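Enquirer: My questions all concern the structure below.
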Amino acid sequence: MRIGTAQMSRRIDKICIETLKIPSLVLMENAALRVVNNIDFEKFNSFVVVCGKGNNGGDGLAIARHLFILQKNVEIFLIGSEKGLSTDSKVNYDILVEMGVKINIVSNMNDLYKFRNYINASDVVIDCIFGTGLTRKVEGIYEHVISIINENSTYTISVDIPSGLNSDSGNVQGISVIAQKTVSFQLYKKGFLHYSSNKIAGKIIVENIGVPKKVIEEVCDRDFVIEKGMIKKSIKSRQKYSHKGNFGRVLIIAGSTGFSGAAYISTQTAVRSGAGLITLACPKEIQNILSCKLTEAMTINLEDEEKLNEMIQNSNVIALGPGMGNNNKTYDILNNVIEKAECPIVIDADAINVLQQNIHILKESKNKIIVTPHPGEMSRLTGISIKDINKNRLDVAKNFALENNVIVLLKGYNTIITDGKTTLINSTGTSAMANGGMGDCLTGMITALIAQGYDSLEAAYISAYVHGYCGDKLSTDMFCVNASHILEQIPFVLKEIKNS
């Protein structure tokens with residue numbers, strides 16, 4: 001599922017119409033049919049379709065025609081009048097008129113009273129007022145119409161994007177329709193990634209309206225929403241003759257006094273995610289505690305520099321940071337790993353924090369590096385406020401990845417995974433997972449997958465998806481889900497997705 005902007009949508013339409021000679025009316029008709037296919041007619045029988053004058057309104061007029069043909073109870077409201085309708089909208093308007101279908105006009109306060117009454121009597125409002133081209137503030141009669149929809153509709157379906165929502169930024173242009181479902185076309189709109197958009201767009205469905213794949217690839221950046229089918233294809237099968245040496249050597253450097261849990265969770269997750277041989281390097285003070293808990297992983301003392309350097313040079317992947325503390329010692333260990341390692345490195349938690357004044361060491365690395373910040377850690381890395389990061393998460397993550405030649409996994413709702421050229425947005429996860437240790441768990445899983453031969457970017461996006469999928473699955477029966485629950489579920493979920 002590609003992520004795109006309003007400009008990309010316009011370019012796609014232009015190529016289809018002008019180069020491929022697909023009539024724009026065909027695209028509009030396909031869009032209408034896709035919306036109708038997403039209506040639950042066992043639950044809903046009466047509809048109010050609200051149309052603007054542009055092509056989004058034309059979609060609505062075509063949808064209304066199909067509902068009328070299906071003998072559904074449908075009322076159509078056109079804001080303003082038929083004057084100024086786009087060319088394709090006028091065609092669909094004229095067809096409805098010839099069919100004898102009544103089209104109500106909304107242009108004054110009296111019309112608004114009638115409009116409200118029809119909404120109160122209907123099952124569903126279909127919002128086709130504004131499409132992806134809206135950039136101005138919603139005012140006048142349009143503001144009143146949207147307010148009435150939000151106050152009186154029991155179930156609203158928005159077509160392509162909720163009217164009033166900026167499709168690129170996710171900002172509300174004064175006021176926006178609040179939908180329970182949005183049926184969007186071809187591209188997952190960039191604005192849907194804004195945190196507030198989830199409350200506005202409801203369930204988002206992206207439908208293909210007949211645009212060839214080559215057009216999408218020509219126009220769009222390599223930005224994707226991760227779907228289950230993509231993960232299913234990515235998970236490798238295990239050959240029957242493989243042994244532990246085939247599944248990699250992992251070194252995890254983690255923990256400090258009072259923070260043994262972070263070291264345990266990250267290491268045990270690596271065990272449960274299928275890595276062959278896992279070693280935890282931790283301070284001497286907590287080594288015995290963790291040796292007792294980690295029955296399937298080995299431990300070494302961080303102060304044993306000779307053994308530590310040997311492990312750094314012989315590992316297939318190294319992760320460091322969970323529970324280490326934001327101090328000079330953590331920085332020295334990170335610097336040593338980057339200097340001596342000859343394998344991918346996963347940098348998390350306090351190993352990210354010590355980079356605040358030392359970003360240069362990322363560029364000096366000869367190995368592929370993954371950094372896994374939450375917004376607060378990303379703010380410390382970039383100097384950008386958390387508020388601005390949350391507004392522009394996609395661009396902030398991509399720019400940092402490109403500038404520092406790393407893979408960024410920016411945590412949060414719709415976790416972003418990017419190397420600056422290819423970007424993937426995670427579609428799984430729940431607020432039931434909002435508690436300590438989740439990041440440590442994710443780090444352990446990424447590390448284990450890299451050890452098993454996955455590319456670093458691939459390991460990061462598979463882990464993000466599976467991590468969230470475990471949480472979604474568990475939260476159906478649990479009020480809150482902890483990292484220990486997730487790590488126990490991982491091998492079952494990997495098998496489930498692979499065999500689905």
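Enquirer: Please specify each residue of the range 1-35 satisfying the condition of being touching a His at 6+ places or on another chain (Cβ under 8 Å) and surrounded by fewer than 20 Cβ atoms within 10 Å (Cβ to Cβ).
Expert: Across the range 1-35, the qualifying residue is only Leu33.
Enquirer: Does Asn499 satisfy being among the polar types (S, T, N, Q) and under 18 Å from His374 (Cβ atoms)?
Expert: No.
Enquirer: Continuing with this model, one more query. Out of Tyr155, Tyr142, I need the residue that is under 18 Å from Gly57 (Cα atoms) and assigned by TED's automatic domain parsing to the domain that holds Val48. Which one?
Expert: It is Tyr142.
Enquirer: Now a separate question. Search the range 194-207 for residues being in a loop (DSSP other than H, G, I, E, B) and touching a Lys or Arg at 6+ places or on another chain (Cβ under 8 Å), and hand back the single one that is nearest to Leu25 (Cα to Cα).
Expert: Gly202
Enquirer: What strands (runs of 3 or more DSSP E) completely inside the range 396-482 contain at least 1 residues that are touching a Pro at 6+ places or on another chain (Cβ under 7 Å) and farther than 19 Å from Arg272 by Cβ?
Expert: 407-410
Enquirer: Which condition from (1) crowded, with 19+ Cβ neighbours inside 10 Å; (2) assigned to a loop (DSSP other than H, G, I, E, B) is the one that Gly258 breaks?
Expert: Evaluating Gly258 over (1) crowded, with 19+ Cβ neighbours inside 10 Å; (2) assigned to a loop (DSSP other than H, G, I, E, B) leaves (1) as the failure.
Enquirer: Okay, moving on. Give the residue, chosen from Ala397, Ala459, that is at pLDDT 95 or above, under 25 Å from Ala270 (Cα atoms) and among the small types (Gly, Ala, Ser).
Expert: Result: Ala459 is the single residue among Ala397, Ala459 that is at pLDDT 95 or above, under 25 Å from Ala270 (Cα atoms) and among the small types (Gly, Ala, Ser).
Enquirer: Based on this model, can you work out whether Thr415 counts as surrounded by fewer than 21 Cβ atoms within 10 Å (Cβ to Cβ) and β-branched (Val, Ile, Thr)?
Expert: Spelling it out, it is not the case that Thr415 is surrounded by fewer than 21 Cβ atoms within 10 Å (Cβ to Cβ) and β-branched (Val, Ile, Thr).
Enquirer: Give me the pairs, please: first residue somewhere in the range 449-470 and more than 14 Å from Gly229 (Cα to Cα) and assigned by TED's automatic domain parsing to the domain that holds His374, second residue anywhere and in a loop (DSSP other than H, G, I, E, B) and of a type in the set (A, V, I, L, M), beta-carbon distance under 7 Å, and either six or more positions apart or on two chains.
Expert: Ala451/Ala275; Gln452/Ala275
Enquirer: Here's a follow-up. Select the strands (runs of 3 or more DSSP E) contained entirely in the range 91-191, then report the ones holding at least 1 residues which are aliphatic (A, V, I, L, M), crowded, with 24+ Cβ neighbours inside 10 Å and at pLDDT 95 or above.
Expert: It comes to 124-128, 156-159, 181-185.
Enquirer: Another question, then. If you go through the range 192-217 one residue at a time, how many are closer than 24 Å to Ile148 by Cα and either out of contact with any Pro (no Cβ under 9 Å at 6 or more places or on another chain) or without any contact (Cβ under 8 Å) to a residue 12 or more places away in the chain (or both)?
Expert: Number satisfying all stated conditions: 6.
Enquirer: Only one of these conditions is not met by Asn246: (1) assigned to a helix (DSSP H, G or I); (2) in the same structural domain as Leu33 (by TED's automatic domain parsing). Which number is it?
Expert: Of everything listed in (1) assigned to a helix (DSSP H, G or I); (2) in the same structural domain as Leu33 (by TED's automatic domain parsing), Asn246 misses just condition (2).
Enquirer: Right, next: How do the strands (runs of 3 or more DSSP E) wholly within the range 285-393 filter down when requiring 3 or more residues that are touching a residue at least 60 places away in the same chain (Cβ under 8 Å) and crowded, with 21+ Cβ neighbours inside 10 Å: which remain?
Expert: 317-320
Enquirer: Being surrounded by fewer than 24 Cβ atoms within 10 Å (Cβ to Cβ) and over 13 Å from Lys411 (Cβ atoms) is the filter here; which residues of the range 438-454 pass it?
Expert: Within the range 438-454, Gln452, Gly453, Tyr454 qualify.
The values are calculated or read from the model by the stated rules, or taken from the named source; none is laboratory data. Being a predicted model, the structure only gives us computed values, none of them experimental. Backbone-built Cβ (ideal geometry, glycine too); neighbour counts: all protein chains shown.
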